[in-house]
Structure formats: C-alpha cells, structure tokens
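The values are calculated or read from the model by the stated rules, or taken from the named source; none is laboratory data. Note that the structure is predicted; figures quoted are calculated from it, not measured. Glycine also receives a Cβ, built like all others from the backbone with ideal geometry; neighbour counts cover every protein chain displayed. Just so you know, the surface numbers come from the protein's heavy atoms only, side chains and all, with ligands and any DNA or RNA stripped out. Shrake-Rupley method; radii C 1.70, N 1.55, O 1.52, S 1.80 Å.
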Amino acid sequence: MQIVSIGFVVAIGTGIYAGLGSTGHWRTRSNDASFAALHLHDLRVSLQLGTFAPEGSLRAAAAGIAHASDLAAVAERLVVDSQIDASDASDTVLVGARLVAAAGLATDNDSAAIDTVWLARGDRPVVGEGAALLEEKFADYYGLAAAGTVVLAGSTRVRYTGLGIAPEDFSVTAQRGSVLAEADLATLYVDLHTGQRLTDHQGHVNDLVVTLRPGADREMIADELAAAIGALGVVSPVVTTRDDTEAYRILYDDIATDQQMWNILSALVLGAAALAAVNLIGRVVEAQRRDIGIGMALGVPRWQLGIRPALIGVEVGIVGTLAGIGVGVLVGSMMRGLLESLLPLPVYETPFQYGVYARGAVIGLVPPLIASIVPVWRAVRVEPAEAIRTGHLAPRGGRLGPWSARLRLPGSSLVQMPLRNTLRTPRRTLLTALGVGAAITALVAVMGLLDSFTATIDRGVAEVTRGDPDRVAITLTGLTSRADPTVAAIATSPVVGAWTAGLRVPVSARAVDSTAEALDLLVEVIDFDQALWIPSTGRIDPADAATGLVLAQKAADDLGVAVGDAVVVTHPRLSGGRYTMTDTVVTVSALHPDPIRSLAYLDRRAAAAFGMGDLVNTVQTVPAAGYDRDDLQRAVFDLAGVSSAQPVARLGEVFDDVLHRFTGFLAITAGSVLALGVLIGTNATRIGIEERRREHATMLAFGVPLRAVVAQVMAEAAIVGLAATGVGVVAGYVLLGWILDALAQRTLPDIGVIMQVGGSTVWIAAAVGVAALSISPLLLVRRITTMDLPDTLRLVE
C-alpha cells in the first residue's frame, strides 16, 4: 500500500505534466486542419467603410494582374454591419450583427471554395431561398435553437436553418477589439444575392478573398491587387493576409504563451511530486537501516543487501509511470473538452503524444530510483554495529537536536514533544515541508492567476459602469456631424432621458524622440464638462485632465511616459473633404484606472487640433424615467445609421462568462495540486507513524492515553504543515509575480493585469498545508490501536 500510495504521488506529477504538455501540439494540429478544411483565404481586399463596387469588378481586376496565374481561387463578398434582434420571451438579445454574403457560401465545401462555413448543427440553407446560417458561438451563448428566425435592423426578418462557423470567426472579435466577444456580435452567413437584397445593395460587393498556388509571392500579389482595385476608382483599398486575420493570429499566437504557462505549472507540480517522492522513499528505505545492519553482521554481501530496498524506488517509479499515463489521459480529455467548449473547431486532432509521455515517464522513474539508492548507499557504508543501533543510541543527523535540548519550552514533555521531534530531524522536516510547500506554491500561483484576472476585470467593469448602470452606448455606422438626422432622432426619442455625442477614432502613439514601436490606441473624444460619463482620473481634477490626453496606466508604462510628458499621436485629419494621416504632439494630462491599454480619452476642445472637433460616431444615452435599457435598445434598433446599442453593464456580464470558462483550465491544475498536497501529507504521516512505532508503543505502555498520542502526532504534522504553508504562500506569490511579468506581457499585452492573491486562496493553501496534514493522522489511528506493544518493544541493543 505504501508503494502504491507514493506511486500515485508520482502519477499526479507525471500525469499533469503529460496532460498539460500535450495541449500545444493538439491546438496546432487542430488549427492547421480546421483552417485547411474551410479554405481560409491567403489575401483579402476590403473596401473602405461605406464604399462598394459593382459585382464582378473586383474579380475582373484580380484576373487582370500580372501574376493572375498564381491565384488558385477568387471570390467576391459583401460584408455589412447591422444589428440583430434574437430576443425571446425570457431574454432580450439586441446586439451588433455582421452579414457575410458570398456566392455559394452556404453550400457544401469544395476545393475551389474560400472561407467556407462549417455546419455545426442544423441544415444548410438552399441557395436563393433567402435563409442563412447563424454563427454557432453566438447562438450557444444565448441558448438559441439550431433553427429559427431573427430580425435585422429595419425590421427585416431572416430565417436561419442551422448554426455554423467560418474560419474568420473561430475567435470572435468585437468592434472595440475585445476577443471572445460572441455575446456582442452575431454573424449571419448567406449567399451573395440574398445578402445584397437584405442590405439593399443589389449588384454590389465590397470584399474580395483570394487563395494562392503553392510558391506564389504573397507580398507581390498583394501589391498588384491593391493597384488593380485602386485603379477602379476605389479609395485606398485595404489588403491583408491570412496572418492579419484576427482569428488566425489569436489562435496561433496564444499557443506558445499558453503552453509556456502550462509548462511552468506542470513542471512545478511535477517537481513537487518528485521532491515528495524522494523524501518519502528515502524515509521508507532509511527505516530498513537496522535490517541492513543485521544482514551485514551475518556476512551477506553489501551489494545483495541493497537490491531489495533499491527496488522500492523502481516499483514506485513503475506504479507512478503507469498510473501517470491514466492521469495524463484523463487530464488531456478534460482539457480537450474545455477547448472544444471555448473554441469549437470543425476538426480537433488530439493524438497520443508519445514524446511528452516518454519525458514524463523518465522524470517519474529517475527520482524514485535515486531516492532509494542514496540511503541504501549510506547504510551499507557504515559499520554493522552502528547500523543496528536503535532508540537513544541511534545516530541523529543535524545540529538542531542538541540545541533544542537546551531550549526551554512551556508545558509537559508531551506538549513539547511535537516541536522537539521536528527539530531533532531537521533534514527530514525540511524535505517534507518543501514537498508539501512546492504543491502549495503551484496552488497559490494558479489560484492567484484567477484572483488577479478577477480583480482586473472588476476594476475595468467598475470604471466603465461608474455612474448610471443603465447607460447605453450607441455606435453609429460612420462619421457624421451633430446635426445628422440619426443623432437628432436619438436625442428626441421619448425613451432617451439624457444623451451626449462623442467620437471614437483609432490612432497610434509614441513617446517624443522614441524609436520604440508605437502603440495602437482607441481615442474617445468627449466633452468633459457635459458628458454623461468621463474617465476617473484619481487626484487630478477633471478640468485639468481635459487639457490633454488621458491614458491607461498600462499604456503610460509601455510608452515610458508620465503625467506631464508629451506623446506623438498619429491620427486621421479631415482636410478638404479627405482624410490624411498626420502627427500631433499631445501632453499626457492624466491616467485612468481601466486596465485595457488601448482606451484613451480626449476632450472635444483639445480634439480641435485633430481637425475632427465637430465629428461624432458614438452617442452615450440613459433611459428616460419609466423606461429601462431594453426599452432604449429597442427604440434605436430600427434607426438608420445605428450600428449597435449596447448597455455598458453587459461588459461585466461578458467578462464574467469568459472568466468562468477560463477557470476550468485552472481548476484542473488546482484540483490536482490539492489532491497532491493531501496525498503527500497522508504518506508523510503514515511513514512518521511507522518510524516512531517504538516511541508510541513506549508511551502507550506507560499509560499515556491514546488520544494524547494521536494529538502529539497531529501537532507534529501541523507544525510541518504550517512551515509548508508559509513556504508555499511566499513562493507562490513570487512565482505569480514572475508569471504575470514574464507571460502576461505576451499573452495579454493590451491588458494591465493587477497582481492579487485573495484571502480565499490563502485559506485554501492553509487548508492543504495545515488542516490536511493535521487531520491525516486520524486516518491512521487504527495502526496505532492495533499495534502489538510487546512485539514492538522487543529489541535487543
């Protein structure tokens, strides 16, 4: 039972290592297969917002480029933003929508297709009948059926026959750039003529996607396409590659950084398991020191005496490796389930990773073997008489024993015994504490990540929803003036109680005289004197903040600037009816607490230097008395010129959902670490009871009550657990800081993650380190009560 029990300590370490270590390979293979199955484009040409071209003109321009023979397939599309109403009797669902229309988009895949749609549930619509496919993650988030009807802005009813996903939507990105935004954006896939009819753009397209033949020069063809389509009179067409596709970039960029985090956590768990196994096996083998001494005294060759105790390490390693394969397969299966729920793909390839499991097996076999050989080697190198000695004559390691004997402690001998026992064997105590402490370190780091993400999200949500929680942010379809009929219709609606118009424009910023790469920002121009909401700026008066640019703390840190410093902002400027990119030097007047780096704010008066002081594309609103946010959303739903109307409170709801799904990944590791800590504590206590059988038998023989003996064992375990908890909490906090500094910068570069270890995390760590070790002796009371006292004490010195 001891070999099996210690073997399962090793199994948890090797299983977590193998299970988490396989995810990177699985994700890469699954991404490759899924993007290939749906024929993701190599190049995409998008016309500027609000610009359209006659159907067939973009295809003809592509066919006329110099290297047209390198084009494997070409398809025209119509991509238009709108709003969608997918409400039912129990839930109001009014969010932004995107209509993607292409010839044959809703038909089965074929080798000549581009960006085809994977049918997840339901049926494919028949081309020409006006039906659509609805994006699957959006439907899953709101619990929509596999077939039904939704309403587009303008009261246009659209029937969808199934749920699907195009490769560009494997990871949904909302208009403000937030990922995992399936709750905020619904995509409808239709054939080209249906899309033209639904959007009132008959005979027009605004998007071209291309796949290339192997060996084609992608950059050269991109330049040729831009020139050819620009010659049609289209202003500045945007040409992007598949690497620029948000879903493609996010899915691949996350693999390396995510896998590095899993590697760190799994290595820590494996290290804790290996350290614990080394300690536990060493103590088991050292307990046979007297048997080895007797064998040497009887003349048995020393190498023969070392075989049986050395085989304990081999047996533990074999049990740990075999059980570790099962644990790894279980962890891998759980990870796959979480990945499929978070990012459903048409193809998931999760083959058994022999290399990863082989490395885990080697790591699982070597430490137990070394742990058994070292104490055997030490035992056979001493004289037989010294090895046979027991009790007070046995040699004691460490220098704390004599020192602790002179230490004056309160209480009786039984009260003092637990502390003195831990001090007289410092190496054993230290190794046990480090083994449990390493497990607690991993637990604190994992749960600290969850605490940090929660604190970060809470801060962002508190900042955005500050003020009226029913505030609704309305996004217009394009740049316009305050006198636009759409703005007037919003302002005069009886459902709207108060409103302020603003401008949101993408820019880039860099520090003055800096050669570092500029940061992309989304500057929101608002009136600091009259706006319904302005960013909080700490101790800086809002009137002073309105004189310059208000940045996020993360943006200021990355730019290397502080309040009062100047930054160069590259922004579009309206001049003569055309937009040109220009640089303007702006002073940083304040910092806001929102953790999203890209969010920045500017007063409308300061924005006059941008040449956009009178332009708007957003409207902040609050419901009038007697109405709520749902009423306000419905009131502007059918207004021409409105792209979306979203309550600011929904941000917190979406983040909470994302966080809930992300915790599943951390829960696997946290649960394994919790089991590891309890298993280490139980084994350490079991071995401790075996080592001190003679001491316990002596106390019982002299009439010490059983409860006092058990209490003494529990107190000793509690002391070790307290030391392990202290080591684990401190080391976990340090490790958490390193993970956030080293990995979060690459995994979440646009978010300033707040480092935090919550009180619940510390309590759980204490429960593992102190409570689990203290309670574990109760599981072994029977071994003390059934002990044969005369037989245990019958030793001859």
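Conditions (1) out of contact with any helix residue (DSSP H, G or I) (no Cβ under 9 Å at 6 or more places or on another chain); (2) surrounded by 23 or more Cβ atoms within 10 Å (Cβ to Cβ); (3) under 20 Å from Arg634 (Cα atoms), marked per residue:
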site	(1), (2), (3)
Thr116	no, yes, no
Ala120	no, no, no
Glu129	no, no, no
Leu133	yes, yes, no
Lys137	no, yes, no
Val158	no, no, yes
Ile165	no, yes, no
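Sort through Thr669, Thr663 and tell me the only one that's touching a helix residue (DSSP H, G or I) at 6+ places or on another chain (Cβ under 8 Å), part of a helix (DSSP H, G or I), among the polar types (S, T, N, Q) and modelled with pLDDT of 75 or more.
On the way: Thr663 fails: modelled with pLDDT of 75 or more.
Checking each option against the conditions leaves just Thr669.
Could you run through segment 325-354 and say how many residues are closer than 20 Å to Val172 by Cβ, at pLDDT 85 or above and buried (at least 16 other Cβ atoms within 10 Å of the Cβ)? Before the answer, list the steps.
To start, the set of residues in segment 325-354 that are closer than 20 Å to Val172 by Cβ comprises 338-348.
Applying the additional criterion that residues be at pLDDT 85 or above yields 344-348.
Checking the rest, the ones that are also buried (at least 16 other Cβ atoms within 10 Å of the Cβ) come to 344-346, 348.
Final tally of qualifying residues: 4.
The criterion of being surrounded by fewer than 18 Cβ atoms within 10 Å (Cβ to Cβ) and either closer than 30 Å to Gly154 by Cα or modelled with pLDDT of 85 or more (or both) does not hold for Arg605.
Residues that are surrounded by 15 or more Cβ atoms within 10 Å (Cβ to Cβ) and in contact with a strand residue (DSSP E or B) (Cβ under 7 Å, 6 or more places away or on another chain) within segment 219-239 comprise Ile221, Ala222, Leu225, Ala226, Ile229, Val234, Pro237, Val239, listed in sequence order.
Across segment 530-547, the qualifying residues are those that are without any contact (Cβ under 8 Å) to a residue 24 or more places away in the chain and not aliphatic (A, V, I, L, M), and the one among them that is most open to solvent (accessible area, probe 1.4 Å) is Arg539.
Got a sec? Which of Leu443, Leu414, Leu449, Leu430 is open to solvent by 30 Å² or more (accessible area, probe 1.4 Å), more than 30 Å from Ala635 (Cα to Cα), part of a helix (DSSP H, G or I) and modelled with pLDDT of 75 or more? Before the answer, list the steps.
On the way: Leu443 fails: open to solvent by 30 Å² or more (accessible area, probe 1.4 Å); Leu414 fails: modelled with pLDDT of 75 or more; Leu449 fails: open to solvent by 30 Å² or more (accessible area, probe 1.4 Å).
Just one listed residue meets the conditions, Leu430.
Is it the case that some residue within segment 184-206 is part of a helix (DSSP H, G or I) and surrounded by fewer than 17 Cβ atoms within 10 Å (Cβ to Cβ)? Looking for residues that are part of a helix (DSSP H, G or I) and surrounded by fewer than 17 Cβ atoms within 10 Å (Cβ to Cβ), one finds at least one in segment 184-206, hence yes.
Annotation: of all residues in segment 87-110 being more than 17 Å from Glu135 (Cα to Cα) and aliphatic (A, V, I, L, M), the one that is modelled with the highest pLDDT is Ala103.
Consider segment 354-393. How many of its residues are in a loop (DSSP other than H, G, I, E, B) and not basic (Lys, Arg)? Talk me through it step by step, then tell me what you get.
Pass one, segment 354-393, residues in a loop (DSSP other than H, G, I, E, B): 381-383, 389-390.
If we keep only those that are not basic (Lys, Arg) too, we end up with 382-383, 390.
Residues flagged as in a loop (DSSP other than H, G, I, E, B) and not basic (Lys, Arg) within segment 354-393 amount to 3.
Please determine, by comparing only the residues of segment 307-324 that are of a type in the set (Gly, Ala, Ser) and open to solvent by 10 Å² or more (accessible area, probe 1.4 Å), which one is modelled with the highest pLDDT.
Within segment 307-324, the first condition is being of a type in the set (Gly, Ala, Ser), and the residues that meet it are 310, 313, 317, 320, 323-324.
Now drop any that are not open to solvent by 10 Å² or more (accessible area, probe 1.4 Å), which leaves 310, 323.
Working: Ala310: 81, Ala323: 89.
Only one residue fits best here, namely Ala323.
For Ser69, the criteria (1) among the small types (Gly, Ala, Ser); (2) in a strand (DSSP E or B); (3) modelled with pLDDT of 90 or more hold in every case but one, which is (2).
Considering only segment 1-46, state which residues are assigned to a loop (DSSP other than H, G, I, E, B) and open to solvent by less than 20 Å² (accessible area, probe 1.4 Å). Those that are assigned to a loop (DSSP other than H, G, I, E, B) and open to solvent by less than 20 Å² (accessible area, probe 1.4 Å): Ser22, Leu38, Leu40, His41.
Evaluation of Ala462 against the conditions (1) modelled with pLDDT under 80; (2) open to solvent by 50 Å² or more (accessible area, probe 1.4 Å); (3) part of a helix (DSSP H, G or I); (4) not aromatic (Phe, Trp, Tyr) shows that the sole unmet condition is (1).
Mind checking whether some residue in segment 758-765 is more than 30 Å from Met417 (Cβ to Cβ) and not in a helix (DSSP H, G or I)?
yes
Would you tally the residues in segment 624-635 being surrounded by fewer than 22 Cβ atoms within 10 Å (Cβ to Cβ) and in contact (Cβ under 8 Å) with a residue 60 or more places away in the chain? Give the steps one after another, and end with the answer.
Applying the first criterion (surrounded by fewer than 22 Cβ atoms within 10 Å (Cβ to Cβ)) to segment 624-635 yields 624-628, 630-631, 634-635.
Next cut, in contact (Cβ under 8 Å) with a residue 60 or more places away in the chain only: 624-625, 627-628, 630-631, 634-635.
Adding up the residues that qualify gives 8.
Taking every residue in segment 484-513 that is open to solvent by 60 Å² or more (accessible area, probe 1.4 Å) and pairing it with any residue that is among the aromatic types (Phe, Trp, Tyr), at least 6 positions away or on another chain, the pairs with Cβ-Cβ distances below 9 Å are Pro494/Tyr627. Selection over segment 131-157 of residues that are touching a residue at least 60 places away in the same chain (Cβ under 8 Å) and in contact with a Gly (Cβ under 8 Å, 6 or more places away or on another chain) gives a count of 1.
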